[in-house]
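Notes to accompany the following structure.
The values are calculated or read from the model by the stated rules, or taken from the named source; none is laboratory data. Just so it is clear, the structure is predicted and the values come from calculations on it, not from any experiment. Note that we place each Cβ from the backbone using ideal geometry, even for glycine, and neighbour counts take in every protein chain shown. The accessibility values were calculated without ligands, DNA or RNA, using every heavy atom of the protein model including side chains. Shrake-Rupley method; radii C 1.70, N 1.55, O 1.52, S 1.80 Å.
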Amino acid sequence: SCLMDEKKITNISMDSILPNRMQPRVVFQDDAIDELAESIKKHGIINPITVRRLGNKYEIIAGERRFKASQSIGLKEIPAIVIDADDKKTAELALIENIQRKELSPIEEGMSYEKILQIGDITQAELSKQLGKKQSTIANKIRLLKLDDSVKEALLNEKISERHARSLLKLYDKKDQARMLEKIIRDRLTVRQTDKEIEKKKKKKGEMIEMDNNFNMPNSNL
């Protein structure tokens, strides 16, 4: 079906709008929402949100932040463009919008890629063509999802960098990852220092040192 069946902007009741189940963003910064709310108060909503019909309701495809900000200042209606999109296209559009705005954390990006691959039943190679991204980039973001939950949370909340997280993937034991994470945060280790600590730990355990090699995996389809 056509992506833009209706380009007409319609005012939709806030009560009839549902959040996007495929929303890639996990963390919404309160201060960013507050700033947006102030802007909406002064200038109104310049870009309408994009929704699709779901029964007698509307599900957000793009514009979750605008919706949250409008909700916070008590707006009763919001301008929206209604389009016809299935689950796969909804997930894809929500991901693309966020990637274009560069708002996703590496973990959110990995979760989004994984979700689209599951919903769309497509390969990483096909997805990389659709998004104009290297297949290795997609594979590597998905690989971050294998980290211990504490590490994923730290990365999500920007307590460590993606390079720190990549280094921690060299530790096979998730308990080791969690312990090293504490050390990184406590001692404010650089990526280089982290790599040295991991190397020491792996030598002690008699594990093979895995080269990062720009974070590429031999099996790109995981």
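Results, tabulated for the structure shown:
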quantity	calculated
Selection status of residue 103, at pLDDT 80 or above and among the charged types (D, E, K, R)	no
Pick from the stretch 57-79, criterion touching a residue at least 60 places away in the same chain (Cβ under 8 Å) and assigned to a strand (DSSP E or B), ranking: surrounded by the fewest Cβ atoms within 10 Å (Cβ to Cβ)	77
Selection within the stretch 36-56 - in a helix (DSSP H, G or I) and either modelled with pLDDT of 90 or more or aliphatic (A, V, I, L, M) (or both)	36, 37, 40
Scope the stretch 132-154; condition open to solvent by 30 Å² or more (accessible area, probe 1.4 Å) and either in contact with a Ser or Thr (Cβ under 7 Å, 6 or more places away or on another chain) or among the basic types (Lys, Arg) (or both); matching residues	133, 134, 135, 136, 146, 152
Pairs where the first residue, in the stretch 1-28, is of a type in the set (Lys, Arg) and assigned to a loop (DSSP other than H, G, I, E, B) and the second is modelled with pLDDT under 80 and surrounded by 14 or more Cβ atoms within 10 Å (Cβ to Cβ), C-beta under 7 Å, 6+ apart	25/98; 25/103; 25/104
Candidate set from the stretch 107-124 (those that are touching a residue at least 40 places away in the same chain (Cβ under 8 Å) and open to solvent by less than 60 Å² (accessible area, probe 1.4 Å)); member that is farthest from the chain's Cα centre (by Cα)	124
Cross-chain or 6+ apart pairs with Cβ under 9 Å, the stretch 133-148 first and among the hydroxyl-bearing types (Ser, Thr, Tyr), then surrounded by fewer than 21 Cβ atoms within 10 Å (Cβ to Cβ) and in a loop (DSSP other than H, G, I, E, B)	136/216; 136/217; 136/220
Residues satisfying the stated conditions in the stretch 155-191, i.e. of a type in the set (S, T, N, Q), open to solvent by less than 30 Å² (accessible area, probe 1.4 Å) and either over 18 Å from residue 204 (Cβ atoms) or touching a Phe, Trp or Tyr at 6+ places or on another chain (Cβ under 8 Å) (or both)	none
Out of 131, 93, sole residue that is touching a strand residue (DSSP E or B) at 6+ places or on another chain (Cβ under 6 Å), modelled with pLDDT under 85 and of a type in the set (A, V, I, L, M)	93
